[in-house]
Amino acid sequence: MGSTRARIAIDAMGGDHAPAEIVAGALRAQEELDVEVLLVGDPHQIEASLGQHTSSHLPQIVPSEGTIEMHEEPLSGLKRKPKASINVAMDLVKQKQAQAVVSAGHSGAAMASALLRLGRLRGIDRPAIGAVLPTMVASKSVLILDVGANVDCRPKFLEQFALMGSIYSQYVLGVTVPKVGLLNIGEEECKGNDLAVRTYQRLQENSQICFTGNAEGRDVLTGNFDVVVCDGFAGNVLLKFAEAVGEAVLQILQEELPQGLRGHLGMALLKPNLRRIKQRVDHAEHGGCLLLGVAGICIISHGSSQAPSIFNAIRLAKEAVDNQVLERIQSQDISAKQSAIGE
């Protein structure tokens, strides 16, 4: 594990609640996680947000000009605004002034900026966005990728996702031999569309992947798989449905608990349990998604992220830096480890 203090560039202008909530989450992370944060954005707005807090060590502010709005097309926006906050944050990583980027802004712009400024790792055709979700097994997570970077995929892309996911699962999530599943509509090898059938063969033939077969939708959160791979279209639908289920569970619990004195007493008794439930099912507790396959650590958070989610996104970035995920993926000759089966 790395011994140096992680330096993380924060896109302070990205997200629905920027910069106030971004700054609040960054300050908490700097105090509690032993990281150094660089706040990238409009200095006046950031300073105004910092003024709402008391801190013994104020973060460094890195000036930028403008941000990529949600309605803008990513590539044209990035070219039109070269000094936008996400571009400046990525440049800090490229120039070795930071080790990771966290952004709750335009996810497409964040991915495009990472590709343009940092580039892809050797052997990776397409980067993937990976989301860590809780499972029905306490203290066990599952990494799902891709959840939105690549709507259309080839079998070799999913094989690369499986290799990168296995490395992350092993060194960050602590799984000795990560079990990889392929999202599909049935357990049988012959099930699914052409992409699923051809990918199944590649994963089965790759000795570097502990492939345990197809994962149906009901299997994803059972804890039977450590990594689940799929194209970005299916993965994004799966991710957002899982987030909605978590929100629904929390709302149902609140609505169904009895009211009045009895309800208050019950809430007091159940408070520790409810807190643990929230930590397991609330997407804000997981911080964001990893962009794996680019030459830098990038965490893409929800546009609606508030301070707790930003804090957890920075924690996620720190874990990736401390566990040298980028270096471990770079050290693997992924192109050599891929199946020889043709497209």
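The values are calculated or read from the model by the stated rules, or taken from the named source; none is laboratory data. On a predicted model such as this, the values are computed, not experimentally measured, just so you know. All Cβ positions, glycine included, derive from the backbone under ideal geometry; neighbour counts span all protein chains shown. For the accessible areas, the whole protein counts, side chains as well, though only heavy atoms, and no ligand, DNA or RNA atoms are used. Shrake-Rupley method; radii C 1.70, N 1.55, O 1.52, S 1.80 Å.
For the reader, a short list of remarks on this structure follows.
- Phi angles of region 216-232 translate, via the Karplus equation with coefficients 6.51, -1.76, 1.60 and θ = phi - 60°, into HN-Hα couplings of 6, x, 6, 8, 4, 9, 6, x, 6, 10, 9, 9, 10, 10, 6, 6, x Hz per residue; Gly and Pro are given as x.
- Look at the alpha carbon pairs under 8 Å that are at least 6 residues apart: their mean separation over the length of the chain gives a relative contact order of 24 percent.
- Region 39-139 shape via C-alpha gyration tensor axes, a/c threshold 1.5: oblate
- Comparing Cα centroids, region 170-225 and region 78-153 end up 23 angstrom apart.
- With a simple spin-label model that places each label point 7 Å from the Cα along the Cα-to-Cβ direction, the separation between Asn193 and Thr4 comes to 4.4 nm.
- Simple spin-label estimate for Leu58 and Glu256 gives 4.9 nm between the two label positions (7 Å along the Cα-to-Cβ direction from each Cα).
- Close amide H pairs (under 5 Å, H built 1.01 Å from N) link Phe211 with Val180, residues at least 5 positions away or on another chain.
- Relative contact order for region 2-142: 26 percent, from Cα pairs under 8 Å spaced at least 6 residues apart, divided by residue count.
- Heavy-atom accessible area, probed at 1.4 angstrom with all protein chains present, ranks Met13, Met70 as Met70, Met13, highest first.
- Global form of region 1-64, assessed from the alpha-carbon gyration tensor, a/c cut-off 1.5: prolate
- Protection proxy ranking of 216-224, 203-211, 60-68, 14-22 - average other beta-carbon atoms within 10 Å, highest first: 14-22, 60-68, 203-211, 216-224
- Bridge orientation summary for the chain: considering DSSP beta bridges with both residues in this region, about 30 percent are antiparallel.
- 222 nm mean residue ellipticity, helices alone, for the chain (DSSP H n ≥ 4; -39,500 (n - 2.57); rounded to 500): -14000 deg cm²/dmol
- Listed residue pairs exceeding 23 Å between alpha carbons, taken from Lys140/Lys240; Lys83/Lys240; Lys156/Lys179; Lys94/Lys318; Lys140/Lys318; Lys94/Lys179: Lys83/Lys240; Lys94/Lys179
- Close amide H partners of Cys289, meaning residues 5 or more places away or on another chain with modelled amide H under 5 Å apart, are Ile300, Ser301.
- Per-residue accessible area (protein heavy atoms, 1.4 Å probe) orders Thr212, Thr54, Thr4 as Thr54, Thr4, Thr212, starting from the largest.
- Length-normalised contact order for region 77-213 - Cα pairs under 8 Å, 6+ apart - percent: 16 percent
- Diffusion coefficient, µm² s⁻¹, Stokes-Einstein with Kirkwood Rh over alpha-carbon pairs of the chain at 20 °C and 1.002 mPa s: 103 µm²/s
- Simple spin-label estimate for Gln45 and Met136 in nanometres, 7 Å along Cα-Cβ: 4.5 nm
- Most simply put, region 1-105 has about 0% antiparallel DSSP beta bridges, counting only bridges with both residues inside it.
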